[in-house]
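To start, the structure under review is shown below, and the notes come after it.
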Amino acid sequence: MPELPEVETFIRELAPELNGRRITRARVFWPGVIAFPTDEEFVTAIAGARFDRFERRGKYMLFGLDDPRTLIVHLRMTGKLQLAPAAGPPAKHEHVILDLDDGRNLHYQDPRKFGRFWLTPTPETVLAKLGPEPLGPDFTPAYLIDKLAGRKAPIKALLLDQRIVAGIGNIYADETLYRAHVHPARPAGNLRADEVARLHAAAQDVLQVAIERCGSSLGRSNLQNYIRPGGEQGGFQEEHNVFRKTGQPCPHCGHPIERMVIAQRSSHYCPVCQPDTR
DNA sequence: ATAAGGCCCTGACCGC
DNA sequence: TGCGGTCAGGGCCTTA
């Protein structure tokens with residue numbers, strides 16, 4: 001599932017390919033994917049625009065056009081952008097195709113149909129509720145201590161809350177908690193300051209290395225698997241310690257990794273290295 | 001304000 | 001082999 005490192009990889013790898021390219025035609029095969037404006041308006045309005053800016057905010061991709069507008073894409077669970085030579089009819093689960101002026105197509109595929117596109121001159125309205133970037137200057141230990149203070153929700157749930165910090169999903173929340181030796185179910189407000197500081201550092205370390213490894217490719221099927229825009233896999237799954245490793249030995253102590261559900265999400269942790277001190 | 005649960009989606013997987 | 005039930009989960013919504 002695409003989280004911050006995967007989305008960052010998409011942007012980094014698409015930017016040099018798309019920069020300066022003009023969209024000659026847009027096709028939408030499932031209207032629900034266009035969150036704003038309507039799908040018909042989207043198709044008309046984006047034709048002729050040229051890509052010239054590329055950013056990421058949390059798990060959102062921002063494609064700036066050569067006018068005040070920005071194309072925003074969120075892949076949610078199973079969305080994929082792939083750059084390929086123009087082909088014939090749309091593949092299965094293909095919801096958007098942008099024809100480029102170099103003869104290639106930008107394909108959007110999403111089996112679960114959770115991902116969304118926005119075309120807007122005011123991207124801040126889409127991104128308004130997001131917390132700070134976890135690798136940016138506003139995400140400090142003091143900030144995190146303040147945001148968690150008094151909260152009774154499990155720390156895992158708050159790491160997933162994009163209003164607190166933007167870009168962490170289920171994979172990197174579990175890996176962060178493991179690295180910080182914090183049990184996922186502990187009430188966030190009960191964490192000591194040094195534990196929150198460890199979480200802050202662990203989140204930054206995990207995300208930084210995951211970006212260097214171009215994200216995590218895993219999943220039970222090719223459909224769900226995260227694939228980079230040119231078709232290559234990421235590499236960080238080889239460095240996962242706990243995520244989807246239930247029953248396998250903890251890399252540190254050897255105790256079997258356990259699984260529990262928190263905030264309706266699977267959580268994987270080592271009960272020895274991440275003691276439950278609730 | 002916070003916490004918890006439901007919803008959207010569909011392919012994979014499991015048990016019979 | 002076929003079939004029904006369950007699971008996966010990001011963001012948004014409703015409820016308490």
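All of the numbers you see were taken from the coordinates with simple rules; none came from a lab. The structure displayed is predicted, hence computed values, not measured ones. Positions of Cβ are backbone-derived with ideal geometry, glycine not excepted, and every protein chain shown enters the neighbour counts.
Some observations on this one:
- Using a Gaussian network model of chain A in which every pair of alpha carbons under 10 angstrom is joined by a spring, one finds that among A:G136, A:G234, A:G64 the greatest mean-square fluctuation is at A:G136.
- Surface/4 estimate of mean projected area, convex hull on alpha-carbon atoms of region A:1-76, nm²: 5.1
- Taking Cα atoms only, the orientation of helix A:170-180 departs from the longest principal axis of chain A by about 30 degrees.
- Rounded to the nearest 20, the Cβ-based charge dipole of chain A about its Cα centre (Lys and Arg +1, Asp and Glu -1) stands at 820 debye.
- The slack in the chain from A:A15 to A:S266, taken as 0.36 nm per residue of separation less the alpha-carbon distance, amounts to 87.0 nm.
- Close Lys pairs in chain A, defined as Cα atoms under 17 Å apart and 8 or more places apart or on different chains, number 8.
- Förster-model FRET efficiency, 25 Å R0, A:Q162 and A:T38, C-beta, rounded to 0.05: 0.45
- Globularity ratio of region A:141-269, using Cα Rg and 2.2 N^0.38 Å: 1.06
- Gaussian network model of chain A, Cα within-10 Å springs - most flexible of A:D194, A:D99, A:D205: A:D194
- Dividing the summed -39500 (n - 2.57) terms of all DSSP H runs of n ≥ 4 by the residue count of chain A sets its mean residue ellipticity at 222 nm at -7500 deg cm²/dmol.
- In degrees, nearest ten, helix A:4-18 long axis to first principal axis of chain A (Cα): 20
- Semi-axis lengths (Å, descending) of the ellipsoid that matches the C-alpha gyration tensor of chain A: 36, 20, 15
- For region A:81-126 and region A:240-273, distance of Cα centres in Å: 36
- When the Gaussian network model of chain A links Cα atoms closer than 10 Å, the mean-square fluctuations of A:T246, A:T140, A:T125 top out at A:T125.
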